[in-house]
Amino acid sequence: MTRSQVVIIGGGPSGLLLARLLAVRGIESVVLERQTRDYVLGRIRAGVLERGLVELMDEAGIGARLHREGLSHDGVVLARGDDAFRIDFREMTGHSVLVYGQTEVTRDLYDALEDAGHPIEYRVEDVEIHDADTDTPHVTYRVDGESRRIDCDFVAGCDGFHGVSRNTIPESVRRDFERVYPYGWLGILSETPPVHHELIYANSDRGFALASMRNPHLSRSYVQCPSSDRPEDWSDDRFWAEFRRRLPRAHADALVTGPSIEKSVAPLRSFVTEPMRWGRLFLCGDAAHIVPPTGAKGLNTAVSDVRYLHRGLCRYYEQGESAGLDSYSQDALARVWKVERFSWWFSQIMHRTDDQSAFDRKIQLAELDFLRGNADAQRAMAANYVGLPY
Ligand code: APR
Ligand code: PHB
């Protein structure tokens, strides 16, 4: 049996960032990850970082590469058919976003933790949280067939949507809110130059498309597809032909295609569980909520939870006050729901569905038209995109 102040379940970006931030303040933690480091780093996720995330990476002392390699984006292009318009984040909010892959954020975190000899257990199985509703919780798990136990003050459930932490909270105190969208995104990564220097979100009659990037030589491109489609259903040629048809003509003409180096289909879902705290167990990130990728809020929202929890834990250990922990669920959820609203709204105005009525389509086009012509609407969109304040 061992002891740690905090046990962190899950070595995705939420768990790793929390571990690193706590270490900077001298608070000890152990990270328990079900997979290997390479497996976690093999997952391709969105790559748009809000200022709040960049600030937190700086606070964690690992912002150097991100500042060096990240691409600062001052705006975004929205398109409706061939009609494209730009939302200028700088002009509207004074801020921009940083394009830098989530995989790279995770790699920076692993490197920093491993260099510092931080305790991380990989390939853990059968993780169970015990007595979270008492002052003396503990976590049990198995690794290489051997059973282990860690006693702790707090447990951070950072184990994603399919983890065990959320289900540790009894159904009698938990409430889930969910919307599943009737479409998915097929995404490919290719060693081709981005079609434009800013992201393009396109609403075409054939469905949604997104032109994104990782760097000037690496593009990330998406098309809306039925969520039942499999990557094998889409040859590279089929993908590029469809992608090109959904982009506004001026951009389609500039498209450079090439072989995909990764291809995957993601379903779209909105999900929130309440509360995000039960006794000494705190949920962070995908363990507590999911957003559809339109607007790239998954990682950013996960990190906003980490920020609230980190502040609460520091206050507890440094000043002996539990107020930050007591208000964690309320504080985190207040921000989560606003981000859920934005991601839902942005998804809603950009995608086409088979059962969309002629009325609904007209309303969707009116939304885009309003956004195109109204500075206040653009300001609201930009404020959400660059990141709401804490
Ligand atoms: N025990 C230990 N680890 C687990 C368990 C378990 N029972 N279940 C899941 N995990 C691990 C997963 O292998 C994964 O590495 O928890 C980690 C959770 O990581 P993410 O799913 O990336 O979630 P999070 O860290 O909250 O990051 C949120 O990542 O999923 C994207 O879109 C999401 O961008 C958002 C961000
Ligand atoms: C991505 O680059 O993968 C990306 C960017 C913006 C989004 C979603 C995904 O809204």
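The values are calculated or read from the model by the stated rules, or taken from the named source; none is laboratory data. Treat the numbers as computed from the prediction; the structure is a model and nothing was measured. Cβ atoms come from the backbone with ideal geometry, glycine included; neighbour counts cover every protein chain shown. With ligands, DNA and RNA removed, areas are computed over all heavy atoms of the protein, side chains included. Shrake-Rupley method; radii C 1.70, N 1.55, O 1.52, S 1.80 Å.
At 4 °C and 1.567 mPa s, grab the translational diffusion coefficient of the chain from Stokes-Einstein with a Kirkwood Rh over Cα pairs, rounded to a whole number in µm² per second. All intermediate terms of the calculation are to be shown ahead of the outcome.
Numbers: Rh = 21.8 Å.
This corresponds to a translational diffusion coefficient of 60 µm²/s.
Among residues other than residue 72 whose Cβ falls under 14 Å from its Cβ, what is the net charge (Lys/Arg +1, Asp/Glu -1)? Walk me through the numbers on the way to the answer.
Values: positive: 51, 68, 90; negative: 50, 69, 74, 88, 198.
For residues surrounding residue 72, the net value is -2.
From Cα pairs below 8 angstrom and at least 6 apart in sequence, can you work out the relative contact order of segment 170-300, rounded to a whole percent?
Numbers: 240 pairs, mean separation 42.0, N = 131.
So the answer I get is 32 percent.
About the Cα centre, and with charges only on the beta carbon of Lys, Arg (+1) and Asp, Glu (-1), how big is the dipole of the chain? Nearest 20 debye, please. The partial results should precede the final answer.
On the way: 47 positive and 58 negative charges, 170 e Å.
In debye, rounded to 20, the chain gives about 820.
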Radius, Kirkwood style, for segment 240-390 when every pair of distinct Cα atoms is counted (Å): 18.3 Å
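Let me know the Kirkwood hydrodynamic radius for segment 212-269, please, with Cα pairs as the basis and the value in Å to one decimal.
On the way: mean 1/r = 0.0799 Å⁻¹.
For segment 212-269, the Kirkwood estimate is 12.5 Å.
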In degrees, nearest ten, helix 13-24 long axis to first principal axis of the chain (Cα): 50 degrees
For segment 259-285 versus segment 10-54, the gap between their alpha-carbon centres in whole angstrom: 14 Å
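Taking Cα pairs under 8 Å and at least six residues apart, what relative contact order does the chain come out at, in percent?
After rounding, I find 20 percent.
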FRET efficiency, residue 133 to residue 217 (Cβ-Cβ, R0 45 Å, nearest 0.05): 0.30
The chain: angle of helix 358-373 to the longest principal axis, Cα-based, in degrees nearest 10: 90 degrees
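What order do you get for 199-212, 236-249, 87-100 when each peptide is scored by the mean count of other beta carbon atoms within 10 Å, highest first? The partial results should precede the final answer.
Values: 199-212: 21.1, 236-249: 17.4, 87-100: 19.0.
Ranked from most to least packed, the peptides come out as 199-212, 87-100, 236-249.
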Within straight-line cross-link reach of residue 338, lysines at Cα separation under 29 Å, skipping those fewer than 8 residues along the same chain: 297, 362
With Cα atoms, 0 to 90° folded angle of helix 328-350 axis to the chain main axis: 20 degrees
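If you roll a 1.4 Å probe over segment 270-341 with all protein chains in place, what percent of the accessible area is carbon or sulfur?
Details: 1090 of 2190 Å².
Here it works out to 50 percent.
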Residue-span extension gain [residue 249 to residue 366] - 0.36 nm each, minus C-alpha spacing: 40.0 nm
Residue-averaged 222 nm ellipticity for the chain, from DSSP H runs of 4+ at -39500 (n - 2.57), nearest 500: -11000 deg cm²/dmol
Note, ³J(HN,Hα) from phi for segment 177-185, Karplus 6.51, -1.76, 1.60, rounded to Hz, x at Gly and Pro: 10, 8, 9, 9, 8, x, 7, x, 10
Computed magnitude of the charge dipole of segment 1-74 (debye, nearest 20; Cβ of K, R +1, Cβ of D, E -1): 280 debye
Simple label model, 7 Å out from Cα along Cβ direction - residue 36 to residue 167, nm: 2.6 nm
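Express the accessible area of the chain per residue in Å², computed with a 1.4 Å probe while the remaining protein chains stay in the model. Display every interim value, and only then the final one.
Values: 16590 Å² over 390 residues.
I get 43 Å² per residue for this part.
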Cα lying deepest toward the dipole's positive end in segment 1-126, options 120, 53, 99, charges on Cβ: 120
Equivalent ellipsoid semi-axes, segment 175-331, via Cα gyration tensor eigenvalues times 5, rooted, Å: 39, 18, 12
Separation in nanometres of the label points that stand 7 Å from Cα toward Cβ, at residue 148 and residue 43: 2.0 nm
Relative contact order, percent, segment 11-149 [alpha-carbon distance under 8 Å, six or more residues apart]: 28 percent
